[in-house]
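Below is one structure, written out as structure tokens, with a few remarks after it.
Just so you know, all these numbers are worked out from the coordinates, no wet-lab data involved. Just so it is clear, the structure is predicted and the values come from calculations on it, not from any experiment. Methodologically, a virtual Cβ is constructed for each residue, glycine included, from the backbone with ideal geometry; neighbour enumeration extends over all protein chains shown.
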Amino acid sequence: MNDIERPVADLRRNLRAPLIIQKVHVHGGRPTIFGYSKNISRSGMYIATTNPIEPGQQLELEFQLPAPLKGTARCQCEVIWKRPFGSHLPFEAGMGIKFIDLPEEISEKLDDWVRSHH
């Protein structure tokens, strides 16, 4: 898959719901990246950022859970795909990430939240 391709929605195993998370903190041996999420599922999220990380890289992610869920989630993730920044490109720059060790309790709450928004 090249940098501007993305997975076909039909191939996704989990429903996604639109969500704006204004601050997503990415940690892990590199400067902290701030971005925002435009959609989320129990298995991952899309993070809009002008500095996407290369696919295959792992990172630590911290984000605020959507209302009415409370609290912050923190987990290890893997970058699955990225879109680079470029004014000539038709899509917003960012990356698709997969949660690796998000606690099952939070995964279930996110899944319920997503289903309630469909």
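Key figures
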| quantity | calculated |
| --- | --- |
| For Phe34, Phe63, order by how many other beta-carbon atoms lie within 10 Å, fewest first | Phe34, Phe63 |
| Length-normalised contact order of segment 58-115 in % [C-alpha pairs under 8 Å, at least 6 apart] | 28 percent |
| Separation of the Ala67 and Asp101 label points, Cα + 7 Å toward Cβ, nm | 3.2 nm |
| Residue exposure sequence - Arg83, Arg115, Arg74 - by fewest surrounding Cβ within 10 Å | Arg115, Arg74, Arg83 |
| Taking Asp111, Asp101 and counting other C-beta atoms within 10 Å, the order from fewest to most | Asp101, Asp111 |
| Segment 15-116, relative contact order [Cα under 8 Å, separation at least 6], % | 27 percent |
| Shape call, segment 30-116: gyration tensor on alpha carbons, a/c limit 1.5 | prolate |
